[in-house]
Structures are given as C-alpha cells and as structure tokens.
Amino acid sequence: MKHLLSLEKLPRADFETILRAAKIFKRTRGAHKTQPLKGQTWALMFSKSSTRTRVSFEVGIRELGGNALFLNANDIQLGRGEPIQDTARVIGRMAHGAIIRTFAQSDVETFAEFSKIPTINALTDDEHPCQVLTDIFTFEEMRGSIKNKIITFVGDGACNMPVSWIFAAAKLNFELRIAAPKAFQPDAKILKRAGGKVIVTEDLPAAAKGADMLYTDVWVSMGKEAEAAKRIKILGGYQINAALVKLAKKDALVMHCLPAYRGKEIDAATFEAHADTIFTQAENRLHTQKAILNWAVS
Ligand code: CP
Ligand code: NVA
C-alpha cells in the first residue's frame, strides 16, 4: 500500500515503475490482463473543480475493476467543518483508497495518516504530482528519455505545477528552466530541498532558447481568483507564442496541463498548432492514473 502525496517523496525507481506501467496500460486499453482494483471502492474527495483528473480517475478505476465514489467536499460534512482526521477515519473504514483535490497539502498528508488507505494527491496548492507524471510519460512517448533534455516552464513559477516539475527534475536528471517574473518565482527553500539542475529566470527568451519542450499553466490557479487582475498584469508577456517557439529546438514540444486561457499564458494559434500534443497529454492522464492506482495497491 502506497500514497502519492508529493513527487518530492516519490523514489526514482517508483517514477520508472509508474511510467513503464502507463505505457502498458495505454497499449492494452480494453484488454487489461489484471484487475488490480477488483471489488474495491475508491473515494474521490474534491474541493476544487476538475475535468481531466476526475474523469481520468473515475474511468481508470472502473477499467481496473473498481468502483468510483465521487464526493464533492461541499456535499459532505467536511465542507461544514468536520475535521479532516475524522473524515479520514470514516472513509478509511469504508473505502479502499482515496483521491483528494484540495487546497492545503497538509490535508492530504493528514488524510493519508488517519485513513490508512492508499491516498493520492489529485492537486493541492503545493503540488500536482499526477499531472507531471503524465507530462513526463507524454514527453517520453513522443521524444524518448527525458534525461538530459531541457524543459522550460513559462508563467506562474510559484504554483503547484512548477513545484512538481522541480521535484521531478532532480530525480530524472533533466534541466528545468522556469521563466517567471520575480513575484511568481518558486520558493528558494523548495529549490534547495529539491536540488537538480533548475534555472529560475525573468529572461523568457533565454529560458526558451534550445528547449526540448515549452510548458505552461494558467496564470490564475484555483483559489487565487481574487488576485486575477494583479496576476494578469504581472504575468502579462510570459506567454507561449510563435515568437517564443521559434527560439526553442526545431522539433520542440509545446504542452499545457489545461484548462487553457487563450491570449493569456498561450496564444490561440500556438495552442491550435500544438493541439495534438496537448490533447494526447490530456488523454494520457487516463493511462497514467491507472499506472498510479496499480502502483498504489501493490
Ligand atoms: N490538468 C488538470 O488537472 O485538469 P483538471 O483541473 O480538469 O482536472
Ligand atoms: N495551477 C493550476 C493547475 C490546474 C490543473 C491550478 O491549481 O488551478
């Protein structure tokens, strides 16, 4: 039984196990040899909106033989203030695993501790580990090993996505460049803890030069809506567009974890030019979730 709470704590060998399994689950969709969740019910407890993560986990659980129970955090007593420790002890006695999307990272950690069932972080303010595992799987599917490659993240360098990328970089030995304005650069403590080759800069063209992949995420993450105007002003310019793509390697990939806001973090033409990659990336959430679930119960 394992938890996926943060990429910081995921051993390198487990990264490799999940990435290998995702490839097999993709190839064998509709004819999986094993049903590792047979007879199990997994609870999805979400305090924030979701399309990809929710659908990929619900479909993935069913295709691995299990049942998915979606719980909007506002519909259960948690939303009225029941402590996470008590919610965890209840769900832990009924469900076989939990997938949680919430605000505080400490909540998924507390849930895992008290529920004693495999617990998966489906996005917190601090990290989005399932997304980065999918992104790496997608990169390797299209371009081979990510080792020694250059990945450039553009935009809000302090949110959950870049943080999960930072922890992955040291584990899988690729160069990560984060192009972000000073106010939205990652916490120095995280960079120090993670190690690896991570370059943080305000110089967007320099960060894009020679990159194997340009990656972006929304400027206004869930929970930050009150800061929208300020963020759009400060982050304006940190956009993936044709001029930026020209600076990267000739065959550079462009990825976006989605949802995308055209004209903000990416322009419409660049988004459409790379839509095949971006929606393969979205589809790969399903195959990677299965690999994560299979790993969590083994
Ligand atoms: N990328 C991602 O996690 O999408 P959702 O918010 O739709 O789940
Ligand atoms: N940083 C974004 C990711 C969405 C998948 C958010 O937290 O809203």
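The values are calculated or read from the model by the stated rules, or taken from the named source; none is laboratory data. On a predicted model such as this, the values are computed, not experimentally measured, just so you know. Backbone-built Cβ (ideal geometry, glycine too); neighbour counts: all protein chains shown.
Screening Asp126, Asp135 for residues that are within 16 Å of ligand 1 (Cβ to nearest atom) and in a loop (DSSP other than H, G, I, E, B) leaves exactly one candidate, Asp126. Restricting region 185-239 to residues that are within 16 Å of ligand 1 (Cβ to nearest atom) and of a type in the set (Val, Ile, Thr), the residue that is nearest to Pro259 (Cα to Cα) is Val218.
In this structure, is Ile76 over 19 Å from Val297 (Cβ atoms) and either over 20 Å from the mean Cα position of the chain (by Cα) or more than 15 Å from ligand 1 (Cβ to nearest atom) (or both)? When the stated conditions are applied, Ile76 passes them. Taken over region 241-261, the criterion of being touching a His at 6+ places or on another chain (Cβ under 9 Å) and in a helix (DSSP H, G or I) is satisfied by Val245 alone. Given the criteria over 11 Å from Leu293 (Cβ atoms) and within 16 Å of ligand 1 (Cβ to nearest atom), does Arg12 qualify? No, not satisfied.
Within region 111-130, being within 20 Å of the chain's Cα centre (by Cα) and either more than 16 Å from ligand 2 (Cβ to nearest atom) or farther than 15 Å from Phe46 by Cβ (or both) holds for Phe111, Ala112, Pro118, Thr119, Asp126, Glu127, Pro129. Of all residues in region 250-268, count the ones that are surrounded by 12 or more Cβ atoms within 10 Å (Cβ to Cβ) and free of Cβ contacts under 8 Å to residues at least 40 places away in the same chain. Of the residues in region 250-268, 2 are surrounded by 12 or more Cβ atoms within 10 Å (Cβ to Cβ) and free of Cβ contacts under 8 Å to residues at least 40 places away in the same chain. Given the criterion more than 20 Å from Gln105 (Cβ to Cβ) and either assigned to a loop (DSSP other than H, G, I, E, B) or at pLDDT 95 or above (or both), identify the matching residue among Ala158, Ala207, Ala168. The conditions single out Ala207. Among the residues of region 25-39, those identified as in contact with a helix residue (DSSP H, G or I) (Cβ under 8 Å, 6 or more places away or on another chain) and either crowded, with 20+ Cβ neighbours inside 10 Å or not in a loop (DSSP other than H, G, I, E, B) (or both) are Phe25, Lys26, Leu37. Would you check if Gly60 is surrounded by 20 or more Cβ atoms within 10 Å (Cβ to Cβ), over 19 Å from Pro259 (Cβ atoms) and within 16 Å of ligand 1 (Cβ to nearest atom)? Criteria met by Gly60. Looking across region 269-298 at every residue that is of a type in the set (Ser, Thr, Tyr) and within 14 Å of ligand 1 (Cβ to nearest atom), the one that is surrounded by the most Cβ atoms within 10 Å (Cβ to Cβ) is identified as Thr288. When residues in region 70-101 are screened for being more than 15 Å from Ile292 (Cβ to Cβ), in contact with a Leu (Cβ under 8 Å, 6 or more places away or on another chain) and surrounded by 17 or more Cβ atoms within 10 Å (Cβ to Cβ), 4 of them pass. The set of residues from region 102-130 being within 25 Å of Gly65 (Cβ to Cβ) and surrounded by fewer than 24 Cβ atoms within 10 Å (Cβ to Cβ) comprises Ala112, Lys116, Ile117, Pro118. If the condition is being within 15 Å of ligand 2 (Cβ to nearest atom) and part of a helix (DSSP H, G or I), then region 49-84 contributes Arg52, Thr53, Arg54, Val55, Ser56, Phe57.
Considering each residue of region 233-240 in turn, none proves to be crowded, with 24+ Cβ neighbours inside 10 Å and in a helix (DSSP H, G or I).
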